[in-house]
Amino acid sequence: MRKKLSVILTGDHEESCSIVAGLVAEVVVRGDVCLGLATGGSMEGVYAELRRRHDAEGLSFRSVATVNLDEYVGLEPSHVQSYRHYMDHKLFDHVDIDKARTCVPRGTLPRDKMLEEFQGFLDSRPRDLQLLGLGSNGHIGFNEPAPFFAPWAHVVTLEEGTRRDNQRFFSSLDEVPSQAVTMGIGDILNAARIVLLVHGPSKAEPLRALLQDDRVCPEVPCTALKLHPDVVVVVDRGLARLAGVEKECAGLAGEEIDDGQKRR
Ligand code: GLP
């Protein structure tokens with residue numbers, strides 16, 4: 001039978017992060033797995049919780065490979081706002097992962113080499129789980145609204161709104177790169193399971209487009225997730241209410257688990 005998106009409704013973003021970290025940890029303990037990772041403010045709590053589990057519970061990343069969704073074009077890996085720096089700083093430098101098995105696309109390579117290297121990694125390792133955040137325009141990775149979906153790794157020109165959303169991490173809008181390299185929609189859908197963490201009032205509109213009907217439209221890229229058989233959306237009740245999708249969330253709720261949380 002066709003599986004639908006499933007939704008886990010939480011009390012707040014902190015609980016969302018803890019649940020997402022739990023879903024990641026479930027995969028990590030299987031060993032020899034590949035994780036697709038995401039950056040952004042929403043994910044910070046997820047990585048903090050994974051670090052905590054590593055330190056307090058011995059969660060080991062020794063046999064884990066990772067690949068990130070995207071990277072800014074033109075930022076050196078050592079730049080404080082590069083996604084390589086984000087991942088090193090928020091997770092990799094604090095856990096027992098072998099960094100040689102972590103891939104963040106290299107945004108300073110010549111374009112052909114950059115795409116070849118990134119796509120090569122994606123094609124060589126099926127992902128067991130893909131983490132996703134959501135852009136306020138509905139982007140996933142850096143797949144911006146467009147008249148069509150781009151299936152594979154590509155370079156994208158960022159929308160003004162996306163640059164403004166990310167301006168808070170830079171000292172001025174001018175410093176936010178205008179281009180990025182990203183997994184394509186086909187790459188994202190190739191993961192065995194996808195976990196989408198939705199946080200913040202600016203995400204209400206794309207969340208509604210994702211949950212309220214069956215339409216898949218490249219103008220709201222996250223709607224492509226409706227084509228995947230195993231997607232878990234984790235969102236807090238306040239945002240679901242703001243988006244007017246509480247009824248849809250209730251209809252898509254997963255099964256009860258021991259601690260009373262909902263999951264598929
Ligand atoms: C960036 C990233 C996306 C991320 C999005 C949400 O644009 N490229 O992968 O999902 O931001 O970010 P935030 O969590 O900061 O709202």
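The values are calculated or read from the model by the stated rules, or taken from the named source; none is laboratory data. This one's a predicted model, so the numbers in the text were calculated from it and none came from an experiment. Cβ coordinates were reconstructed from backbone atoms using ideal geometry, including for glycine residues, and neighbour counts include every protein chain displayed. The accessibility values were calculated without ligands, DNA or RNA, using every heavy atom of the protein model including side chains. Shrake-Rupley method; radii C 1.70, N 1.55, O 1.52, S 1.80 Å.
For the reader, a short list of remarks on this structure follows.
- Remark: pairs (first residue in the stretch 91-113, of a type in the set (Asp, Glu); second residue open to solvent by 20 Å² or more (accessible area, probe 1.4 Å); Cβ separation under 9 Å; 6+ apart in sequence or on different chains) = ASP93/LYS99; ASP96/HIS54; ASP96/SER60; ASP96/ARG62; ASP98/ARG62; ASP98/SER63.
- Checking SER171 against (1) near the ligand (Cβ under 10 Å from one of its atoms); (2) part of a loop (DSSP other than H, G, I, E, B), the condition it does not meet: (1)
- Test result for LEU115, in contact with an Asp or Glu (Cβ under 6 Å, 6 or more places away or on another chain), in a helix (DSSP H, G or I), under 26 Å from THR223 (Cα atoms) and hydrophobic (A, V, I, L, M, F, W, C): no
- Restricting the stretch 174-190 to residues that are among the aliphatic types (A, V, I, L, M) and either within 15 Å of the ligand (Cβ to nearest atom) or free of Cβ contacts under 8 Å to residues at least 24 places away in the same chain (or both), the residue that is nearest to ALA150 (Cα to Cα): ILE185
- Selection within the stretch 73-87 - within 19 Å of MET114 (Cβ to Cβ) and without any contact (Cβ under 8 Å) to a residue 12 or more places away in the chain: SER78, HIS79, HIS85
- If only residues of the stretch 204-224 that are part of a loop (DSSP other than H, G, I, E, B) and more than 16 Å from the ligand (Cβ to nearest atom) are counted, the one that is nearest to ILE185 (Cα to Cα) is PRO218.
- Positions within the stretch 191-203 being more than 18 Å from LEU122 (Cβ to Cβ) and either open to solvent by 20 Å² or more (accessible area, probe 1.4 Å) or away from the ligand (no atom under 13 Å from the Cβ) (or both), in sequence order: HIS199, PRO201, SER202, LYS203
- Unmet criterion (only one of (1) farther than 14 Å from GLY184 by Cβ; (2) within 16 Å of the ligand (Cβ to nearest atom); (3) under 15 Å from the mean Cα position of the chain (by Cα)) for PHE142: (1)
- Annotation: PHE142 fulfils all but one of (1) open to solvent by less than 20 Å² (accessible area, probe 1.4 Å); (2) modelled with pLDDT under 95; the unmet one is (2).
- LEU109 vs. criteria touching a strand residue (DSSP E or B) at 6+ places or on another chain (Cβ under 8 Å), within 20 Å of GLY184 (Cβ to Cβ) and open to solvent by less than 70 Å² (accessible area, probe 1.4 Å): no
- Of the listed requirements (1) closer than 24 Å to HIS13 by Cβ; (2) in contact with a Phe, Trp or Tyr (Cβ under 9 Å, 6 or more places away or on another chain); (3) outside any loop (DSSP other than H, G, I, E, B), LEU131 misses just one: (2).
- Of the residues screened, ALA224 is not one that is under 26 Å from VAL104 (Cα atoms), open to solvent by 50 Å² or more (accessible area, probe 1.4 Å) and of a type in the set (A, V, I, L, M, F, W, C).
- Complete set of residues in the stretch 135-182 that are under 23 Å from VAL67 (Cα atoms), out of contact with any Leu (no Cβ under 9 Å at 6 or more places or on another chain) and among the aromatic types (Phe, Trp, Tyr): PHE149, PHE169
- Within the stretch 157-168, the residues that satisfy the criterion of being more than 10 Å from the ligand (Cβ to nearest atom) and of a type outside the set (D, E, K, R) are THR157, GLY161, GLN167.
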